[in-house]
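Here the structure comes first, spelled out in structure tokens, and everything after it is commentary.
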Amino acid sequence: MKHTLLAAIVLRLLATLAGPFPVSAEITQTALPETRIEPAYAGEDICLPGAYLLPQDDCLAVGPSQTLTEYAKKGLTLPLRPLPATSPDPELTKHPLNFAKVDLPPPEQAQLYSSLESALRGSNPVGALPASPMLFVSYVRRSDVDGKKYVQTPGGHWLRASPASYSLFQGLLFQRNPPNSFGWIVDTAEVRSAPGYRAAKLKFTIPRNTPVQIFDKVNQDGVDWYLININQWVERRYIRQVTVNPIPPKGVENQRWIEVNLYEQTLMVYENGNLVFATLVASGLKPFYTQPGLFKIYKKKSTERMMGSFEADRSDFYYLEDVPWTMYYDQARALHGAYWRAMFGYPQSHGCVNLSMGDSHWLYNWAKEGDWVYVWDPSGQTPTDPKFYTPGGA
């Protein structure tokens with residue numbers, strides 16, 4: 001039956017290519033002898049388009065089937081299989097306090113006043129905050145007067161400051177270990193039809209913070225390219241990858257650990273051999289590296305004031321009030337929320353591991369003092385010599 005069908009298809013194709021036979025008086029008046037046309041191909045039948053992970057006895061998996069089978073071996077199927085993940089509760093992104101940035105260049109200090117009226121007049125300050133290019137305060141009330149913004153701190157003081165919004169980005173919760181790698185787009189991403197800059201750009205881009213699955217990685221033009229869908233490739237600068245590894249790092253004893261990948265700027269949470277949570281982070285920016293190693297969370301604080309500098313001229317001095325969901329694990333280095341960060345997936349801190357507000361809240365609820373934190377850099381670019389590391393900071 002398959003051979004008969006194939007013969008019919010071949011005949012129709014030949015007729016289409018050749019066009020109608022020319023008609024002449026001689027041909028129309030002469031009866032042609034009946035002939036039998038044999039199929040042009042008498043071997044195995046070609047499989048219907050699909051993925052064939054096992055050898056087929058009755059057809060050849062070539063053409064479209066071969067391509068689909070190669071994709072299926074990488075875990076890429078049509079329709080695309082979703083990640084076994086959900087988004088955390090958006091309520092975790094909320095915080096009872098609001099935050100504001102003080103825009104005063106050093107050495108000018110932010111003056112504190114006992115009332116809004118005094119702040120408006122700029123008279124009788126009752127105190128001042130340290131001069132800092134990175135100064136954030138928490139507030140409970142705000143007032144806009146003549147285009148100027150004022151906030152009241154939880155301690156009752158008023159000062160000039162601009163209310164700041166923070167990132168609502170959240171990672172993913174997992175019901176089971178995914179069968180393939182995944183990651184997030186960290187900047188508006190161009191997509192190409194094949195790995196390499198010479199491949200055609202597709203007519204769409206992918207927004208920042210979009211989660212994607214990763215099915216293959218190819219180095220082309222000296223750059224790593226990631227396959228995220230059929231004939232859709234994204235270069236490394238646009239994406240951060242999570243490779244699931246449920247085997248505990250050496251030294252982890254209780255089947256609960258947090259993994260921080262400094263090269264990928266990702267954080268994973270494992271429990272009893274299962275990935276339960278993954279997200280993007282912002283770790284230490286050179287020369288304020290986040291130290292690789294195996295550590296334990298030794299103190300948790302729901303809010304913390306952080307301040308400090310490492311440069312001799314104090315040009316990097318920071319003052320941050322009510323840093324939320326802080327988990328210290330390596331001297332002054334901590335996992336914590338960073339309401340002053342607009343985006344994650346890039347090194348930016350003074351050594352701490354910064355998370356979004358919602359992610360730090362989730363992690364704070366999950367983590368216990370004594371839980372393990374494994375920090376590593378698979379690229380080998382982060383120094384491991386202890387002499388590179390001060391106590392650390394935000």
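Every read-out reported here was derived from the displayed coordinates using simple, explicitly stated rules and does not represent laboratory data. Since the structure is predicted, the reported quantities are computational estimates derived from the model, not experimental observations. Note that each Cβ is placed from the backbone with ideal geometry, even for glycine, and that neighbours are counted across all protein chains shown.
Once you charge only the Cβ atoms, +1 for Lys and Arg and -1 for Asp and Glu, what is the size of the charge dipole of region 83-210 about its Cα centre, to the nearest 20 debye?
That gives region 83-210 a dipole magnitude of about 440 debye.
I need the trypsin sites (Lys or Arg not before Pro) found in region 77-134, filtered to DSSP loop residues with at most 15 other beta carbons within 10 Å of theirs.
Passing both the DSSP loop test and the Cβ count: 94.
Among 172, 159, 183, which residue has its Cα positioned farthest towards the positive end of the charge dipole of region 132-189, with +1 placed on the Cβ of Lys and Arg, -1 on the Cβ of Asp and Glu, and the dipole taken about the Cα centre?
Going by the charge dipole, the pick is 159.
In the set [x] 1.46; [y] 1.32; [z] 0.93, which value of Cα Rg over 2.2 N^0.38 Å was calculated from the structure you see?
[x]
Give me the one-decimal nm value for the distance between modelled label points at residue 80 and residue 346, 7 Å along each residue's Cα-to-Cβ direction.
Each label point is offset 7 Å from its Cα along the Cβ direction, giving 2.5 nm.
With charges set only on the Cβ (+1 for Lys and Arg, -1 for Asp and Glu), what does the dipole of region 139-201 come to about its Cα centre, in debye to the nearest 20?
The dipole magnitude comes to about 20 debye.
Write out the GluC sites (Glu not before Pro) in region 271-355 meeting two conditions: DSSP loop, and at most 16 other Cβ atoms within 10 Å of their Cβ.
311
In terms of modelled amide H atoms, which long-range or inter-chain residues lie less than 5 Å from the amide H of residue 134?
Amide H to amide H, under 5 Å and 5 or more residues apart or across chains, residue 134 pairs with 319.
Working out 0.36 nm times the residue gap between residue 165 and residue 126, then minus their Cα-Cα distance, what length gain in nm do you get to one decimal?
In short, 11.3 nm is gained.
Once the dipole of the chain is set up with Lys and Arg at +1 and Asp and Glu at -1 on Cβ about the Cα centre, which of 350, 96, 46 lies farthest towards its positive end?
It is 96, whose Cα lies furthest towards the positive end.
Mind putting a number on the dipole of the chain about its Cα centre? Charges go on the C-beta only, +1 for Lys and Arg and -1 for Asp and Glu, and I need it in Debye to the nearest 20.
With only Lys, Arg, Asp and Glu charged at Cβ, the dipole is about 880 debye.
Is region 256-388 rounded, prolate or oblate when judged by the Cα gyration tensor, a ≥ b ≥ c being the square roots of its eigenvalues, rounded requiring a/c under 1.5 and prolate requiring a/b larger than b/c?
Judged from the Cα gyration tensor, region 256-388 comes out oblate (a/c at least 1.5, b/c at or above a/b).
Taking every DSSP beta bridge that has both residues in the chain, what percent is antiparallel when rounded to the nearest 5?
The answer is about 85 percent antiparallel.
Could you check the simple spin-label distance between residue 314 and residue 188, using points 7 Å along Cα→Cβ, in nm with one decimal?
Each label point lies 7 Å from its Cα, and together they span 4.1 nm.
Tell me the net charge near residue 133. Cut-off is 13 Å between Cβ atoms, residue 133 excluded, with +1 for each Lys or Arg and -1 for each Asp or Glu.
Cβ neighbours under 13 Å give a net charge of -3.
Taking the Cα centre of the chain as the origin and placing charges on Cβ (Lys, Arg +1; Asp, Glu -1), which of 272, 68, 312 is farthest toward the positive end of the dipole?
Selected residue: 312.
For the chain, which cysteines have no second Cys with its Cβ under 4.7 Å from theirs?
If one checks each Cβ against the other cysteines of the chain, 352 turn up with nothing under 4.7 Å.
Once you put a point 7 Å from the Cα of residue 247 and another 7 Å from the Cα of residue 101, both along the Cβ direction, what distance in nm separates them?
Going by the 7 Å Cα→Cβ label model, 4.4 nm.
Starting from the Cα of residue 387, move 7 Å in the Cα-to-Cβ direction to define the label point; list residues of region 293-328 whose amide nitrogen is under 13 Å from there.
The answer is none, because no backbone nitrogen lies closer than 13 Å to the label point.
Tally Lys/Arg at +1 and Asp/Glu at -1 over every other residue whose Cβ is under 15 Å from the Cβ of residue 106; what's the total?
Result for the neighbourhood of residue 106: -3.
What net charge is computed for the residues neighbouring residue 203, neighbours being all others with C-beta under 12 Å from the C-beta of residue 203, Lys and Arg scored +1, Asp and Glu -1?
+1
Between region 305-331 and region 184-263, what's the alpha-carbon centroid distance in Å?
31
Could you work out how much longer the chain between residue 58 and residue 87 gets when fully extended? Use 0.36 nm per residue separation minus the Cα distance between them, nm to one decimal.
6.0 nm is the gain from fully extending residue 58 to residue 87.
Which residue fluctuates the most in the chain, going by a Gaussian network model with Cα springs under 10 Å, if the choices are 54, 129, 262?
Top of the fluctuation ranking is 54.
In deg cm²/dmol, rounded to 500, what helix-only [θ] at 222 nm does the chain give when every DSSP H run of at least 4 residues adds -39500 (n - 2.57) and the total is split over its residues?
Mean residue ellipticity, 222 nm, calculated: -3500 deg cm²/dmol.
Note the full-extension length gain between residue 220 and residue 176 as 0.36 nm times their separation in residues minus their Cα-Cα distance, in nm to one decimal.
Length gained, residue 220 through residue 176: 12.6 nm.
Where in region 77-99 does the amide nitrogen come within less than 14 Å of the point 7 Å from the Cα of residue 204, taken along Cα to Cβ?
Within reach of a label on residue 204, which here means backbone N under 14 Å from a point 7 Å along Cα→Cβ, region 77-99 contributes 80.
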